[in-house]
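The values are calculated or read from the model by the stated rules, or taken from the named source; none is laboratory data. Small disclaimer: the values here were computed from a predicted structure and weren't measured. Virtual Cβ from ideal backbone geometry, glycine too; neighbours counted across all protein chains shown. These area figures cover heavy atoms from the full protein model, side chains too; ligands, DNA and RNA do not enter into them. Shrake-Rupley method; radii C 1.70, N 1.55, O 1.52, S 1.80 Å.
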Amino acid sequence: MLFELTTNSVWFPSPEFALRDPDGLLAFGGDLSPERLIEAYKHGIFPWYSAEDPILWWSPDPRTVFTAESLHVSRSMQRFLKRTSFQVTLNYAFNEVIQACANVHERANRGVWIHPEMQLAYTRLHQLGHAHSVEVWHESQLVGGLYGMSVGNIFCAESMFHTQTNASKTALLVFAHEFFAAGGQLIDAQIRNEHTTSLGAQDISRQHYLRKLRTQKSTLRTNFWTPTRLKA
């Protein structure tokens with residue numbers, strides 16, 4: 001069953017009504033207001049659509065996530081992290097990261113889904129303290145990073161990019177180490193791919209994921225999202 005949303009109210013049907021396929025298309029329409037996006041993520045739903053399409057809302061089943069226990073750092077990556085001159089920061093350059101993610105997807109012919117409307121919506125969420133970025137720098141140049149949405153102890157990663165080898169892996173691994181150490185519970189990668197699988201992502205059922213959203217406790221360190229250097 002596919003639901004049509006309006007702009008009259010911030011409402012979503014239960015994700016249990018999503019179409020019975022792994023991507024889990026649930027609804028279309030509505031808007032990208034901060035209130036609606038916050039409500040969506042609280043219920044395990046996110047937007048994903050091309051600029052020429054209506055807004056499409058998804059809740060995949062299964063859901064691909066990282067936990068502190070599942071995260072995998074290969075020996076070669078461990079050696080790389082020890083010797084690299086990359087610097088990693090948190091919330092230093094959100095606008096630049098989301099634009100770089102959009103550019104990479106467009107050049108790779110993956111579809112233009114991080115279009116200006118999406119960029120504006122997530123930039124507003126960042127200004128309100130809900131969306132965050134991780135940046136990887138080399139010689140003062142931005143060479144990798146990721147951005148996503150925080151929901152309590154869960155971080156919903158939206159996209160990542162790199163222009164130098166291992167830069168996006170460095171962003172995720174360094175961030176994950178700090179996030180879990182600060183009390184984070186899950187990093188939501190949404191849908192499995194080769195890259196996330198190599199880093200230890202695992203699938204859980206949508207029901208399990210929604211239960212995590214409902215029952216999480218507020219254990220994340222209160223100042224965790226303050227702009228800072230994660231790795232110098």
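Here are some notes:
- Here VAL73 does not qualify as under 30 Å from GLN207 (Cβ atoms), buried (at least 17 other Cβ atoms within 10 Å of the Cβ) and of a type in the set (Val, Ile, Thr).
- The single condition among (1) aromatic (Phe, Trp, Tyr); (2) touching a Pro at 6+ places or on another chain (Cβ under 7 Å); (3) within 29 Å of THR197 (Cβ to Cβ) that PHE28 does not meet is (3).
- Considering segment 108-218, the qualifying helices (runs of 4 or more DSSP H), each wholly inside and each with 2 or more residues that are touching a strand residue (DSSP E or B) at 6+ places or on another chain (Cβ under 6 Å), run over 116-127, 167-181, 206-215.
- Being outside any strand (DSSP E or B) and in contact (Cβ under 8 Å) with a residue 12 or more places away in the chain is a property that GLN78 lacks.
- Residues that are open to solvent by 10 Å² or more (accessible area, probe 1.4 Å) and either of a type in the set (A, V, I, L, M) or modelled with pLDDT of 95 or more (or both), drawn from segment 186-198: ALA189, ILE191
- Close pairs (7 angstrom Cβ cut-off, 6 or more residues apart or separate chains): in contact (Cβ under 8 Å) with a residue 60 or more places away in the chain in segment 13-37, open to solvent by 20 Å² or more (accessible area, probe 1.4 Å) and assigned to a strand (DSSP E or B) anywhere: ALA18/LEU25; ASP23/TRP58; GLY24/TRP58
- Selection count where residues are in a helix (DSSP H, G or I) and in contact with a helix residue (DSSP H, G or I) (Cβ under 8 Å, 6 or more places away or on another chain), scope segment 22-71: 4
- Residue within segment 52-65 that is more than 21 Å from the chain's Cα centre (by Cα) and among the β-branched types (Val, Ile, Thr) present: no
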